[in-house]
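First the structure, in the form of structure tokens, and then the observations on it.
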Amino acid sequence: MKRESSVRSAMPTVRAERLCPNATFLPPDFPRYREYPARCARSSNAHRLIEPLSLDEAYLDVSENKTGLPTATQVARTIREQIRTELSLTASAG
């Protein structure tokens with residue numbers, strides 16, 4: 001999908017409005033934004049230490065493998081699958 005207006009994710013609203021003045025902007029729902037990261041943390045809490053970084057990012061320490069899974073990659077894959085199954089959200093890991 002081509003973005004004609006050059007509006008991107010995480011762009012400041014003021015800039016997005018300048019680039020695309022006819023766009024519809026929805027008001028933020030901060031209580032809901034806080035709810036889902038907490039639910040994601042609970043979903044992956046059984047795995048290890050979680051250090052929140054921002055509203056939608058966190059570090060997950062997998063240096064001590066408590067799951068019995070063979071690699072950190074497999075732990076990340078499992079957590080991503082849990083988040084998708086339990087919350088119907090996508091997650092990335094790297």
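The values are calculated or read from the model by the stated rules, or taken from the named source; none is laboratory data. Bear in mind the structure is a predicted one, so any value in this text is a computation, not a measurement. Neighbour counts are summed over all protein chains in view; Cβ atoms, including those assigned to glycine, are modelled from backbone coordinates with ideal geometry. We work out accessible area using only protein heavy atoms, side chains counted, and drop any ligands, DNA or RNA first. Shrake-Rupley method; radii C 1.70, N 1.55, O 1.52, S 1.80 Å.
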Considering only residues that are aliphatic (A, V, I, L, M) and either assigned to a helix (DSSP H, G or I) or modelled with pLDDT of 75 or more (or both), look in segment 13-50 and name the one that is nearest to Gln82 (Cα to Cα).
Ala41
Which of the residues that make up segment 51-94 are within 21 Å of Phe30 (Cα to Cα) and either modelled with pLDDT under 75 or touching a His at 6+ places or on another chain (Cβ under 7 Å) (or both)?
Leu55
Would it be correct to say that Ala10 is open to solvent by 60 Å² or more (accessible area, probe 1.4 Å) and modelled with pLDDT under 85?
yes
